[in-house]
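> So that we are looking at the same thing, I have put the structure below in structure tokens.
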Amino acid sequence: MVREGYWFGLPPLAVGLALLALRSPAATLVGVLLVFLALFIFYFFRNPVRGIPMEPGVVVSPADGRVVVVKSEENAGRPGKRVSIFLAIWNVHVNRAPAAGTITRLEYKPGKFMAAWVESASLDNEQNVFTLASEYGEIVFKQIAGWVARRVVSWKKTGDTVGRGELVGLVRFGSRVDLWLPEGAEMAVKVGDHVKGGSSVIARMKTSQKNENSRSGA
């Protein structure tokens with residue numbers, strides 16, 4: 001469990017146990033509800049160990065959830081593909097780096113809190129935008145808040161080096177994560193697939209693309 005779980009879970013647990021100790025019917029009812037709330041919070045902030053694929057060229061999922069978008073899309077005028085993953089409230093909510101590289105830019109964008117499965121949430125909702133320089137070119141991924149999630153949290157900063165599948169942050173209580181990959185990515189998922197952060201392969205990058213980036217100094 002990540003540390004935020006203790007911050008949110010311990011207060012209702014402590015109050016709930018104190019109420020249970022009073023042994024009155026009303027206090028017992030409220031105490032039981034608070035204890036169950038605390039247990040759910042601990043469950044929500046879980047951080048399970050994941051096996052990270054070591055196969056060269058793979059890009060892993062940055063989040064747990066269901067794939068809701070796979071489409072061709074330009075980013076800053078460059079062709080590529082976008083994958084959007086919807087995180088329901090019962091999914092693991094820690095986020096991971098999709099590939100090894102250096103975070104060259106981390107931008108926080110305030111915005112709306114529309115339902116995370118709505119397509120326009122990718123542009124309009126509050127979000128953290130990570131730009132990652134990898135051996136296969138520039139990769140962009142976003143933590144996007146939803147109508148329940150009101151906080152996107154990054155544990156990294158610009159200039160940090162990350163490994164494939166490394167923890168980078170979380171979004172609280174329901175959200176969305178977008179991943180943009182440069183041209184040449186061979187997608188390994190489709191709409192409706194359920195993925196796990198750090199362990200599910202989202203795409204495979206071509207060896208020729210790596211060589212091209214090496215020659216260009218990327």
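> Given the structure, is N125 surrounded by fewer than 19 Cβ atoms within 10 Å (Cβ to Cβ) and either at pLDDT 95 or above or polar (S, T, N, Q) (or both)? Explain how you work it out, then say what you get.
Details: surrounded by fewer than 19 Cβ atoms within 10 Å (Cβ to Cβ): no; either at pLDDT 95 or above or polar (S, T, N, Q) (or both): yes.
No; evaluated as a whole, the condition is false for this residue.
> I would also like to ask the following. With touching a Phe, Trp or Tyr at 6+ places or on another chain (Cβ under 8 Å) and of a type in the set (F, W, Y) as the only criterion, which of F36, F45, F40 stands out? Can you show your working first?
Values: F36 fails: touching a Phe, Trp or Tyr at 6+ places or on another chain (Cβ under 8 Å); F40 fails: touching a Phe, Trp or Tyr at 6+ places or on another chain (Cβ under 8 Å).
F45 is the lone residue from the list that is touching a Phe, Trp or Tyr at 6+ places or on another chain (Cβ under 8 Å) and of a type in the set (F, W, Y).
> Sticking with this one: Answer yes or no as to whether L87 is touching a His at 6+ places or on another chain (Cβ under 7 Å), within 19 Å of S154 (Cα to Cα) and among the aliphatic types (A, V, I, L, M).
Values: touching a His at 6+ places or on another chain (Cβ under 7 Å): yes; within 19 Å of S154 (Cα to Cα): yes; among the aliphatic types (A, V, I, L, M): yes.
So L87 fits the description; yes.
> Out of curiosity, is T131 among the hydroxyl-bearing types (S, T, Y), at pLDDT 90 or above and surrounded by fewer than 19 Cβ atoms within 10 Å (Cβ to Cβ)?
On the way: among the hydroxyl-bearing types (S, T, Y): yes; at pLDDT 90 or above: yes; surrounded by fewer than 19 Cβ atoms within 10 Å (Cβ to Cβ): no.
So T131 fails the test.
> A further question follows. Could you tell me whether any residue of segment 102-116 is basic (K, R), modelled with pLDDT under 90, surrounded by 13 or more Cβ atoms within 10 Å (Cβ to Cβ) and assigned by TED's automatic domain parsing to the domain that holds R151? If you could, list the steps in order and put the result at the bottom.
Let us first name the residues in segment 102-116 that are basic (K, R), namely 105, 109, 112.
Filter once more, keeping what is modelled with pLDDT under 90: 109, 112.
Retained after the next criterion (residues that are surrounded by 13 or more Cβ atoms within 10 Å (Cβ to Cβ)): 109, 112.
Subset that is assigned by TED's automatic domain parsing to the domain that holds R151: 109, 112.
Looking through segment 102-116, at least one residue is basic (K, R), modelled with pLDDT under 90, surrounded by 13 or more Cβ atoms within 10 Å (Cβ to Cβ) and assigned by TED's automatic domain parsing to the domain that holds R151.
> Can you pull out every residue in segment 60-101 that is at positive phi and either of a type in the set (S, T, N, Q) or surrounded by fewer than 18 Cβ atoms within 10 Å (Cβ to Cβ) (or both)?
Residues satisfying the conditions are A76, G77.
> Check whether at least one residue in segment 25-40 is among the small types (G, A, S), at pLDDT 90 or above and part of a loop (DSSP other than H, G, I, E, B), and report yes or no.
No, that holds for no residue.
> Here's a follow-up. Listed residues G51, G57; which is buried (at least 16 other Cβ atoms within 10 Å of the Cβ) and more than 13 Å from the chain's Cα centre (by Cα)? Give the steps one after another, and end with the answer.
Numbers: G51 fails: buried (at least 16 other Cβ atoms within 10 Å of the Cβ).
From the options G51, G57, the qualifying one is G57.
> Can you tell me how many residues in segment 77-89 are in a loop (DSSP other than H, G, I, E, B) and either among the β-branched types (V, I, T) or in contact (Cβ under 8 Å) with a residue 40 or more places away in the chain (or both)?
Going through segment 77-89, the residues in a loop (DSSP other than H, G, I, E, B) turn out to be 77, 79, 88-89.
Now drop any that are not either among the β-branched types (V, I, T) or in contact (Cβ under 8 Å) with a residue 40 or more places away in the chain (or both), which leaves 79, 88-89.
Result for segment 77-89: 3.
> Can you report the number of residues in segment 167-187 which are crowded, with 17+ Cβ neighbours inside 10 Å and part of a loop (DSSP other than H, G, I, E, B)?
Residues meeting the conditions: 4.
> Separate question: How do the pairs read when you match residues in segment 90-110 that are free of Cβ contacts under 8 Å to residues at least 40 places away in the same chain and over 29 Å from F40 (Cβ atoms) with residues anywhere that are surrounded by 21 or more Cβ atoms within 10 Å (Cβ to Cβ) and not hydroxyl-bearing (S, T, Y), using Cβ under 6 Å and keeping only pairs 6 or more apart or on different chains?
Matching pairs, first to second residue: K109/Q127.
The values are calculated or read from the model by the stated rules, or taken from the named source; none is laboratory data. What you are looking at is a predicted structure, and each value in this text was computed from that prediction instead of being measured. Ideal geometry is used to build each Cβ from the backbone, glycine not excepted, and the neighbour counts take in all protein chains shown.
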